[in-house]
Amino acid sequence: MLVNGETETGVTLHRMVKRADAGAIVAQLRIAIAPDDIAITLHHKLCHAARQLLEQTLPAIKHGNILEIAQRENEATCFGRRTPDDSFLEWHKPASVLHNMVRAVADPWPGAFSYVGNQKFTVWSSRVHPHASKATAGERDFCAPLLIACGDGALEIVTGQAGDGITMQGSQLAQTLGLVQGSRLNSQPACTARRRTRVLILGVNALLATI
């Protein structure tokens, strides 16, 4: 939801059946997603909404006075599980898309990340900056605040973390990473050391060992 920039979500009470999420709908409640919502705040909203919906619906369930609505199988949508690699910040994308990524995987999730050379850093909070950047996507555009040029617009890194260090303000992060105006960021490590493999044949039984 957040990663797609959606503005509304909701909670559903449904009858439990053998198939996952296939039971008839008992009640639903829509929830607005605010522009400043991140993963944890939206989680709290949904927990509160679920409790509220259950309190409203329990008396009717208790007295057997509920209207169940069968789900339409042809309208169902499924989403695959995300992996850590899905949180790469690809700087050729619009700043708004990257900002939504930051919102969606903020603490307590692992966070959206990028690299300066081989140094990984995590972006914990950001904002889309109105500055119309002329820099190349992935370049540091301004020193304070820390702005990174994107495929469309610029992303301000408000707080971030270098490696396993502490969370700090964007300007402090720039100093820690040694960023200067025009520095290039990348979505993957600049170079990945390739493991050298040698095969040794040991003994008369031709036992293979990989080093």
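Give the residues of segment 70-122 that are among the polar types (S, T, N, Q) and either free of Cβ contacts under 8 Å to residues at least 40 places away in the same chain or in a strand (DSSP E or B) (or both), sorted by residue number.
Asn74, Thr77, Thr83, Ser87, Ser114, Gln119, Thr122
Asp141 - would you say it is assigned by the TED database to the domain that holds Val102, among the charged types (D, E, K, R), at pLDDT below 95 and in a strand (DSSP E or B)? Considered against the rule, which asks whether it is assigned by the TED database to the domain that holds Val102, among the charged types (D, E, K, R), at pLDDT below 95 and in a strand (DSSP E or B), Asp141 comes out as yes.
So that you can scan it fast, the table gives a plain yes or no per residue for (1) among the polar types (S, T, N, Q); (2) modelled with pLDDT of 95 or more:
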| position | (1), (2) |
| --- | --- |
| Lys45 | no, yes |
| Tyr115 | no, no |
| Val123 | no, yes |
| Ser126 | yes, yes |
| His129 | no, no |
| Ala132 | no, no |
| Ala135 | no, no |
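Quick one: which residue in Ala95, Ala39, Ala27, Ala32 is touching a helix residue (DSSP H, G or I) at 6+ places or on another chain (Cβ under 8 Å) and closer than 30 Å to Gly151 by Cα?
Details: Ala95 fails: touching a helix residue (DSSP H, G or I) at 6+ places or on another chain (Cβ under 8 Å); Ala27 fails: closer than 30 Å to Gly151 by Cα; Ala32 fails: touching a helix residue (DSSP H, G or I) at 6+ places or on another chain (Cβ under 8 Å).
Among Ala95, Ala39, Ala27, Ala32, only Ala39 is touching a helix residue (DSSP H, G or I) at 6+ places or on another chain (Cβ under 8 Å) and closer than 30 Å to Gly151 by Cα.
Residues that are surrounded by fewer than 14 Cβ atoms within 10 Å (Cβ to Cβ) and free of Cβ contacts under 8 Å to residues at least 12 places away in the same chain within segment 22-43 comprise Ala34, Pro35, Asp36, His43, listed in sequence order.
Within the set Pro59, Pro110, the sole residue that is at pLDDT 90 or above, in the same structural domain as Gly182 (by the TED database) and surrounded by fewer than 12 Cβ atoms within 10 Å (Cβ to Cβ) turns out to be Pro110.
Looking at Leu67, Leu29 in this structure, which one is in contact with a strand residue (DSSP E or B) (Cβ under 6 Å, 6 or more places away or on another chain) and over 26 Å from Pro110 (Cβ atoms)? Just one listed residue meets the conditions, Leu29.
The values are calculated or read from the model by the stated rules, or taken from the named source; none is laboratory data. Fair warning: this is a prediction, and the values are worked out from it, not measured in the lab. Ideal geometry is used to build each Cβ from the backbone, glycine not excepted, and the neighbour counts take in all protein chains shown.
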